[in-house]
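Written out below as structure tokens is the structure these notes cover.
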Amino acid sequence: MKGKGILRKWLTQPFTGIPLVDKCLLAFFLVLLLQSAYSLFAGSAVSAEAEHIDIIVRTSMAAIFGYFLSANFIRSSDSRETEENRKETDLSVQSMGETEEDFSEKDTDSSTKMQVLIASAIGLFCLLVLLIYRNADVSVSASGGGTSAVAAQLRDFVSGCVGFLIGSPADKKQ
């Protein structure tokens with residue numbers, strides 16, 4: 001039993017200081033990488049719709065990778081450390097009572113977290129549906145004209161969610 005706790009701590013410890021937005025982007029990136037690896041070994045796209053899905057996979061992957069290489073990702077890590085140091089100093093100076101400003105800040109933080117989680121859940125759901133559709137026998141399901149419109153809408157959702165997560169400020173309290 002003790003070994004499981006040590007293993008879990010060893011696996012989760014590197015992710016404890018990462019903001020929620022970056023964790024969500026990592027989840028997207030993992031799914032996109034797995035799909036790219038599968039596509040590489042499974043063969044080329046069978047239909048035009050599958051090619052369009054592959055384009056959004058590659059574009060989203062490149063955008064997320066670019067974010068991780070950018071100064072914004074590094075800056076959010078640096079500002080997180082600075083914010084933690086400032087809060088420790090503030091806590092030692094302040095009294096134990098919480099002000100009204102502290103409560104409104106907590107509400108804003110929970111709203112922001114909820115927004116990030118909702119956007120991530122919608123984006124990952126849309127991405128997974130697209131990947132299942134892409135890897136299924138689309139010649140049977142694509143006989144109607146409405147499927148490509150739905151697939152286009154899901155691609156837009158995935159792209160919008162990735163863009164939102166990349167543009168969101170990192171939560172400095174994670």
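Can you tell me how much longer the chain between M114 and V129 gets when fully stretched, taken as 0.36 nm per residue apart minus their C-alpha distance, in nm with one decimal?
Stretched fully, the M114-V129 segment lengthens by 3.2 nm.
Multiplying the sequence separation of D156 and E51 by 0.36 nm and subtracting their Cα-Cα distance, what value in nm do you get?
Using 0.36 nm per residue and subtracting the Cα-Cα distance, I get 36.3 nm.
Using a 1.4 Å probe and ignoring any ligands, DNA or RNA, find the accessible area of L117 and quote it in Å² to the nearest 10.
About 90 Å², ignoring ligands and nucleic acids.
Once you put a point 7 Å from the Cα of I122 and another 7 Å from the Cα of R8, both along the Cβ direction, what distance in nm separates them?
3.2 nm
The values are calculated or read from the model by the stated rules, or taken from the named source; none is laboratory data. The structure presented is a predicted model; accordingly, all values stated were derived computationally and were not measured. Glycine gets a Cβ as well: all are built from the backbone with ideal geometry, and neighbour counts include every protein chain shown. Heads up: the accessible areas ignore ligands, DNA and RNA and are worked out on the full protein's heavy atoms, side chains in. Shrake-Rupley method; radii C 1.70, N 1.55, O 1.52, S 1.80 Å.
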